[in-house]
1. Take the conditions surrounded by 22 or more Cβ atoms within 10 Å (Cβ to Cβ) and out of contact with any Pro (no Cβ under 6 Å at 6 or more places or on another chain) and apply them to residue B:126. Does it pass?
2. Give region B:129-147 a look and list any residue that's buried (at least 24 other Cβ atoms within 10 Å of the Cβ) and more than 19 Å from residue B:245 (Cβ to Cβ), or say none.
3. Give the residues of region A:378-393 that are open to solvent by less than 20 Å² (accessible area, probe 1.4 Å) and under 24 Å from the mean Cα position of the chain (by Cα), sorted by residue number.
4. Out of (1) in contact with a Leu (Cβ under 6 Å, 6 or more places away or on another chain); (2) of a type in the set (A, V, I, L, M, F, W, C); (3) open to solvent by 10 Å² or more (accessible area, probe 1.4 Å), the odd one out for residue B:17 is which?
5. Would you point out which residue out of A:147, A:177 is crowded, with 24+ Cβ neighbours inside 10 Å, touching a residue at least 12 places away in the same chain (Cβ under 8 Å), within 10 Å of another protein chain (Cβ to nearest Cβ) and at negative phi?
6. Please identify the pairs in which a residue from region B:494-505 that is at the interface with chain A (Cβ under 9 Å from one of its Cβ atoms) has its Cβ atom under 9 Å from the Cβ atom of a residue that is surrounded by fewer than 17 Cβ atoms within 10 Å (Cβ to Cβ), counting only partners at least 6 apart or on another chain.
7. Any chance region A:463-475 includes a residue that's of a type in the set (Asp, Glu), over 19 Å from residue A:361 (Cβ atoms) and part of a helix (DSSP H, G or I)?
8. Of all the residues that make up region A:100-119, how many are open to solvent by less than 10 Å² (accessible area, probe 1.4 Å) and within 11 Å of chain B (Cβ to nearest Cβ)?
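The values are calculated or read from the model by the stated rules, or taken from the named source; none is laboratory data. Being a predicted model, the structure only gives us computed values, none of them experimental. Methodologically, a virtual Cβ is constructed for each residue, glycine included, from the backbone with ideal geometry; neighbour enumeration extends over all protein chains shown. Areas reflect the complete protein model, heavy atoms only, side chains present, ligands, DNA and RNA absent. Shrake-Rupley method; radii C 1.70, N 1.55, O 1.52, S 1.80 Å.
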Amino acid sequence: MLTVLVLLPTAVAVSLLCLPRGTPRSVHVAWTATAVVELALTATIWLRHPAGGGLSHQERARWLPSVGAGYHVGVDGLSLPLVAMSCVLFLACALYTWRQTDRVREFAVLFLFLQSTSLGLFVALDLILFFLFFDLSLVAMYFVIAGWGHRDAARSALLFFLYTFTGSLALLLGFIGLYLAADPHTFDIVELTRDDPLAGRTTHGALVLLAVGVGLAIKTPTVPFHTWLPPAHTDAPAAGSAVLAGVLLKMGTYGFLRIAMPVMPGAWRGAAVVFVVVGVVSVVYGALVAFAQTDFKRMVAYTSVNHMGYIVLAVGAAGTLGGDGPAGDRARHLAVTGSVFQMVSHGLLTGALFLLCGVLYERGGTHRTAAYSGVAHRAPVFAALTGVAAFASLGLPGFSGFIAEFQILTGSLGPQPVATGLALLGVLLTAALLLRAVRQVFTGPLRLPPTGPGQATTTRSFPDLAWHETASLTPLLALAVVLGLLPRFVLDVIEPASLGVLRLLAR
Amino acid sequence: MNGTDENPLDLLPEVLLAGCAVLALLLGCWLPRHRQWLAGALAVTGCAAGLVAAAVAAAGPTGTAFDASYAVDPVTSTGRIVILGGTLLVLLLSLTSPWLRAAPRETEFYVLVLLAAVGAVLLAGAQDLLLLAAGYLLASVPAYALAGFARDGRGTEAALKYYVLGALLGVLLLTGVTVLLAAGHGTGYPALRRELPDAPVGLVITGGLGVLAGVLFKSGGVPAHYWLPDAVQGSLAPVGAFLTTVPKIGALAAGYRLAAGPLADTGRWWPDLVAVVAVASMTLGNLAAFSQRDVRRLLAYSTISQVGYLLLPVAVAGRTALDQRALLFYLAGYAVTNLGAFAVVCALPRARHLADYRGLARERPALAVALVVCLLGLVGTPPTAVFLGKLAVFSAAFDAGYTWLAVVAAANTVASLFYYLRWIAPTVLGTAPPGDEDRDGDGGRVGNGNAGRAGADPLAGGHATGDATFAGGAVLVAYPAAAASVLLGLLGGPVLDLLAGPLAG
């Protein structure tokens, strides 16, 4: 089942390439249909996932037995929500680009391939498989940014590729370190988790965690490894940005929960404070820099640094174990659950925000916030949806972001009160900057970027959302509301898994 | 010398190759010009037969031949298969090259390729320093002639540079052999392995350095790499493919055999020295590749950096259980991927510069896919064969306690991505049709002269499809090589198992 889920998009992509070139419409239909089927498959897997937690739908095959790597996939409460979120987001992207005409076939092929790699990464239970999907997602995203981006796209794509490729090699070195520490040598995550190969090897453990940590931190990205993110986002096409921020960034934080914490519990506990500090710095710095942006999309990109910072803070706080009894355990459980929930929530919301940025750019030709004013007069639906996305993103109760951040901050407050207090500052800043941007763009007298020199600022046509844009954005925001009001059905899946991570961490 | 192991059948692949070379030469003397391709066909047949013989021998027992001077073990078998496979691909590239098919000395080309391949196989299997020296000469002398085969200015310069450096380092190799003979009272590896640990360290190091110089020259590693970029740029594209692939395999296998055999117990000087050479090779190769605009030169520097990674298992030979299969698998993956990239270059004889590849993805999507797969393969992107090779090589370095070496190699891999992307980006994303810009840009270049001559030569018309910017036959190598690069990576498990057997002797 999972193999089908992972390989189906690639199979469709290959057949799109091999079959005679169809019309753009037929390509879009095939792409969207695949995304719908993927979502349906995920829903089936979700329904069949056992309520008690643990890994389900596992599949194993011998692949490279002599290197200790195998094909091993499976889902649990950590990965299943992310798989579902990715499928929703990829469907949204397929719908969003419904009217695109520029090399549609290649674009669809890359996105289908990206979907394969993203889902493959989340279900991988083998380090080499994980790495394979990690690297292939970089390749696909490089071509998306370089091929369909605007302005300085080639340079941004190169920066993105080089930077994250560095991370992936750090990751690979860390994986090799784990592999050699295990006896017998293996790359299987489940076996490594069971064996805890680095127990009692402080130096080796610290070095491996350093390599894995740097690799994942670059991907997440956390300060100070975030510098690739703003240019990549600014120049990427809207759907590319949505997937990059919504899905690809999660690979970093997911790696912390899937690999770093359960496989290297000792090293993680030793370095947890580092992650707490990095997380808080990302939260505050990301918010501050976002506050200084004059470009709407760049601002959203920096809020991603801020939002991913909460996750790093939470997983760091979960590692600072003290003898604080059941209350502390509950707090850490809350933090880890919140971090997974935040990944889902951020994926939906930032995906929506980037798609909305794309709408703005397509109509106005610029992301500069100051170039717009009073857009709500022309495009009320667009304004309403952006408002909803912004409010949800800043953590207003009733939206998924609130549940996530509330859990993270409440859970982290006990183990790390000072850091959590500082992180609250980030919440305030994010709220302020999102509200300021929304006010600037949508309220006040109508002012749009002039269509040419000397033209009036109101002549440009600014049509409201087309049906396909509404169809792509509404489900994302509706899900954010549903998750904000009725989070239980997702939390029930996450909680056993986060409890499992903590149990492994406490070894 | 009356051992029981003087069975020529042990050397059947080598005998087949050498025999076909002689036969092809005789055949070429009698064939009319337009039938010279028969000699090429004979060479291809010889290679294929040699491959079969090598595969059969690989399945057989490990042993030695001719008074233990030649080993038949996994290293030799893999060396044979990869060298013969690589030679086969090069021969196919040559047979589909319009320029070569029109050349008056077509047969000689095939013969030289076969002889150089025999030399490379001998390097891989030699278990005696004298045989190593003989293999070195046999692998080198035909290669000098190949480098200058086009008989133009650039080719002559390339051949001369190649020859002078080869002669110098060949002398060093012979000196090293002599010194090791003095130190170890013999030239056979088993004897040397017993004697060298007790021999004076100074002598061993001096001799080892000399032998290493020869290995580095044939593999194109720093500091014996100066000939490589010029030879690859100045000679024909199939020759470039040959020079950057086939001799390297033999030389690195020879280096490994030396490291795991006679020099294994002589102290840490060898691993440390080779580690430094490896780092220098990958780093300098990468740095030099950054600024290249000529695709062949870029590939040449890329192969220099690849030798750096390949030297890692040679450095840590005998200090980990992972070294041998890492080297052999990487060699196989590298050979097929590198040949795939060169096949694309052969398919576009006029596209000499990175800019000439702009828009290839729109003009010839399949060829562009093959190129991108091969270049990403050379970077080490999973799931290609080189990725698996790199994984094995890094693991071996780690396991032997050379973590820093693995880290440096990883950093270099990142650096290498940069120049491969400089090629990939215009190929996939550019819009101008390929071949538009080279005509005004490099009027004085040799390669263009080659291509131009192919267009002007009346004989060329019979072979080329009239489109001088595209030599369609080369895709017969490019597509399978790219596919093999991915398949070898995906299905590498069983292959890796086969490579792990013990050395002979």
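1. When the stated conditions are applied, residue B:126 passes them.
2. Residues satisfying the conditions are B:129, B:132.
3. Going residue by residue through region A:378-393, those that are open to solvent by less than 20 Å² (accessible area, probe 1.4 Å) are A:379, A:382-383, A:386-387, A:389-390, A:392-393.
Answer for region A:378-393, where residues must be open to solvent by less than 20 Å² (accessible area, probe 1.4 Å) and under 24 Å from the mean Cα position of the chain (by Cα): A:382, A:386, A:387, A:389, A:390, A:392, A:393.
4. The single condition residue B:17 does not satisfy is (3).
5. Working: A:147 fails: crowded, with 24+ Cβ neighbours inside 10 Å.
So the residue among A:147, A:177 that is crowded, with 24+ Cβ neighbours inside 10 Å, touching a residue at least 12 places away in the same chain (Cβ under 8 Å), within 10 Å of another protein chain (Cβ to nearest Cβ) and at negative phi is A:177.
6. Here the result reads B:494/A:65; B:496/A:65; B:497/A:65; B:500/B:321, each pair linking region B:494-505 to a residue that is surrounded by fewer than 17 Cβ atoms within 10 Å (Cβ to Cβ).
7. First, pick out the residues of region A:463-475 that are of a type in the set (Asp, Glu): A:464, A:469.
If we keep only those that are over 19 Å from residue A:361 (Cβ atoms) as well, we get none.
No - not one qualifying residue is present in region A:463-475.
8. 1
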